[in-house]
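Here the structure comes first, spelled out in structure tokens, and everything after it is commentary.
The values are calculated or read from the model by the stated rules, or taken from the named source; none is laboratory data. Treat the numbers as computed from the prediction; the structure is a model and nothing was measured. Quick reminder, even Gly has a Cβ in these numbers, built from the backbone with ideal geometry, and neighbours come from all protein chains shown.
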Amino acid sequence: MIENKFNVKLHEHLNYFLDDERLYFNPPAWVNILAVMSIAGTLLIAVFIYFRAIPGMLLTINVVIALVAWYSTTYKRPAKRRVIPVYILAIIVMLLHSGELHFGSYADRLVALFPNSFGELVIFTEYWFILTFVLTPTAFYLLAAVGLFYHNKMGNFMAWWLFIWSIVFPASHYILPLFASNGYGYLPGMISAPFIIVMGVVGVRILVTHQLDEEIVL
Amino acid sequence: MTIRENVYVLLAAIIGLGFTGHLHLTADWIPTVVIGLGALATGWVLWIRTSLKYPTNPKLLLPPYLLTAALLMLHIAEEYAFDFGNHIASITTGKWTTEEFLWSLGFGFPLIWVFGAYAIAKRNPFGGFASWFIFCGMLLGEPTHLVLFPVREIMLHGGGYGYFPGMWTALAPLVPGVWGIWVILKDTHHQRRQSVAIERS
């Protein structure tokens, strides 16, 4: 009898708040902005600590433009699926561009051009450049393509990130040598830069013009 | 097969033979067998027998394909970080360096895989080859990081079972890879039945 009473009490206690109604993962939309700002903010701090000002400034410009553009456009009305082929082509051209960068030892050349900016303890070597600017971002660009497919807001942010980065980063190959102490010269990436810039411009245009007709709240 | 399909079969064969030959010259027998035979040749045969004639619906295939490619790139990043190339060289008679590994698996192959996503989206036959190539690679190649490579390292150098570069992320792309194979087989079967029904009517 006591055991039964105990079981009844336990049963009531367990089921009082949590029944098994079918629920879906449904955070408010602004959580996407918070998540993007938290991840991007942490990433920028890490880049400033380990790679210092030049890569840090380039990424900061990219994040700010991408955030503003995303919030003004595909945050509310995500991009249509037909942007995916252009997005994928941009990843391909970025990979080819990265090939030129690595062929010319981009990280080593950049450190040689601006030795004072990088300091002694900085680890902006070719190894870390490949790992953090080529291989890992390519994985996240592809992951974001899945997000684009499902009209996910963070996937749409990554599309802005890739297309803006396709303009900012290659443009920097022409601008940065202007400030080098030992004169203007070749910086790896200069040859393939125009191609990736074109992809970036096409991508921005297609993101602006190919959005869903209705707003997506999630 | 149509002329267009024949051209794609030939193009895929050239790509497959080219990459297999390149791997044989730089990385010796283990990567050549795993990638060349396990992924490229097997994928080529399965592609011809399934999705060459019936390109898979991109709305079904793109999610598992992109997920597989993304997780595979993350896996390659782990391999690069922990010097996979030299570790493979130490368990073969090869001379694979980190630099050669990077140019092959960090730049060369990813171009094919990422272009595969473009081809799938456009319902181009090449997308079928790229998807079978990557999915077979995941199914047959990735478990080697946990089974073949560390065991061969013990056989050659002694010691106990331990970490081999790429081990922690090896099985991740296998999951969407198997999902992708299931999607291709199901969609091919569906399209084949539809085409038979149309022919009969």
Looking only at the stretch A:1-49, and only at residues there that are of a type in the set (Val, Ile, Thr) and over 46 Å from the mean Cα position of the chain (by Cα), the one that is modelled with the highest pLDDT: A:VAL8
With the checklist (1) modelled with pLDDT of 95 or more; (2) more than 15 Å from the chain's Cα centre (by Cα) in hand, flag the one item B:PRO110 doesn't pass. (2)
Across the stretch B:107-163, which residue is surrounded by the most Cβ atoms within 10 Å (Cβ to Cβ) among those that are within 14 Å of chain A (Cβ to nearest Cβ), in contact with a Leu (Cβ under 8 Å, 6 or more places away or on another chain) and without any contact (Cβ under 8 Å) to a residue 60 or more places away in the chain? B:ALA117
Please pick out the residue among A:VAL122, A:VAL111 that is more than 14 Å from every other protein chain (Cβ to nearest Cβ), surrounded by fewer than 24 Cβ atoms within 10 Å (Cβ to Cβ) and in a loop (DSSP other than H, G, I, E, B). A:VAL122
When the stretch A:104-127 is checked residue by residue, the ones that are within 25 Å of the chain's Cα centre (by Cα) and touching a residue at least 40 places away in the same chain (Cβ under 8 Å) are A:GLY104, A:SER105, A:TYR106, A:ARG109, A:LEU110, A:SER117, A:PHE118, A:VAL122, A:ILE123, A:PHE124
Flag for B:GLY38 being within 12 Å of the chain's Cα centre (by Cα), in a helix (DSSP H, G or I) and more than 18 Å from A:ILE88 (Cα to Cα): yes
So B:THR2, is it polar (S, T, N, Q) and without any contact (Cβ under 8 Å) to a residue 24 or more places away in the chain: yes
Look at A:ARG77 and say whether it is under 20 Å from B:ALA117 (Cα atoms), touching a residue at least 40 places away in the same chain (Cβ under 8 Å) and either within 14 Å of another protein chain (Cβ to nearest Cβ) or surrounded by fewer than 20 Cβ atoms within 10 Å (Cβ to Cβ) (or both). no
Might you let me know whether the stretch B:83-103 holds any residue that is in contact with a Leu (Cβ under 8 Å, 6 or more places away or on another chain), facing chain A (nearest Cβ under 10 Å), part of a helix (DSSP H, G or I) and in contact (Cβ under 8 Å) with a residue 60 or more places away in the chain? no
I need the full set of residues from the stretch A:130-160 which are more than 10 Å from chain B (Cβ to nearest Cβ) and either in contact with a strand residue (DSSP E or B) (Cβ under 9 Å, 6 or more places away or on another chain) or farther than 21 Å from A:LEU110 by Cβ (or both), in order please. A:HIS151, A:ASN152, A:LYS153, A:MET154, A:GLY155, A:ASN156, A:PHE157, A:MET158, A:ALA159, A:TRP160
Check whether at least one residue in the stretch B:48-71 is surrounded by fewer than 24 Cβ atoms within 10 Å (Cβ to Cβ), within 13 Å of the chain's Cα centre (by Cα), away from every other protein chain (no Cβ under 14 Å) and part of a helix (DSSP H, G or I), and report yes or no. no
